[in-house]
1. Please specify each residue of the range 72-97 satisfying the condition of being in a strand (DSSP E or B), of a type in the set (A, V, I, L, M, F, W, C) and surrounded by 13 or more Cβ atoms within 10 Å (Cβ to Cβ).
2. From the list E69, E79, E48, E108, pick out the single residue that is modelled with pLDDT of 95 or more and touching a helix residue (DSSP H, G or I) at 6+ places or on another chain (Cβ under 6 Å).
3. What are the residue pairs meeting all of these: first residue in the range 63-76, first residue outside the structural domain of T110 (by TED's automatic domain parsing) and under 17 Å from A47 (Cβ atoms), second residue of a type outside the set (A, V, I, L, M, F, W, C) and in a loop (DSSP other than H, G, I, E, B), Cβ atoms under 9 Å, and 6 or more apart or on different chains?
4. With Y100, Y106 as the choices, which residue is farther than 12 Å from F44 by Cβ, assigned to a strand (DSSP E or B) and of a type in the set (S, T, Y)?
5. Scan the range 78-105 for residues that are touching a residue at least 40 places away in the same chain (Cβ under 8 Å) and touching a Ser or Thr at 6+ places or on another chain (Cβ under 7 Å) and report the count.
Amino acid sequence: MAFRRESVDMVPTRLLAALSLSLLASIASAAEPELQLIIKNHRFEPAELKVPAGQRIKLVVHNQDATPEEFESHSLNREKVIPAGAKAAIFIGPLKPGRYAFFGEYNEATAKGAVVAE
């Protein structure tokens, strides 16, 4: 009977540990800076985003055009199609200081930009 009591007593401890880890993960993800990038008239606005070096960033891309666009960056190793009128989250970093170009695959002549990590 003593064995059963010990295992029942461990349940609250395990539950508390699991909840603590979940809370810490929520706090860590909430601490990520979030930047907005708009696609409008087949251009990225702003064309240059400054971000802190060494930190993970959540980039929210809002395609305000009537056609889809693909956010693509070889230097960031990211590509994502954003449907017309939709938003998409793209996580980048942590980045070393430098300039990271991106472009819209469907409108390469006009949809260009860069992330600058400082």
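1. V81, I82, A88, I90, I92 - these are the residues of the range 72-97 that are in a strand (DSSP E or B), of a type in the set (A, V, I, L, M, F, W, C) and surrounded by 13 or more Cβ atoms within 10 Å (Cβ to Cβ).
2. Testing whether each residue is modelled with pLDDT of 95 or more and touching a helix residue (DSSP H, G or I) at 6+ places or on another chain (Cβ under 6 Å) leaves just E69.
3. Correct list of pairs: empty, since none qualify.
4. Y100
5. 1
The values are calculated or read from the model by the stated rules, or taken from the named source; none is laboratory data. As the structure is a prediction and not an experimental result, all values here were calculated from the model. All Cβ positions, even for glycine, are placed from backbone atoms using ideal geometry, and neighbour counts span all protein chains on display.
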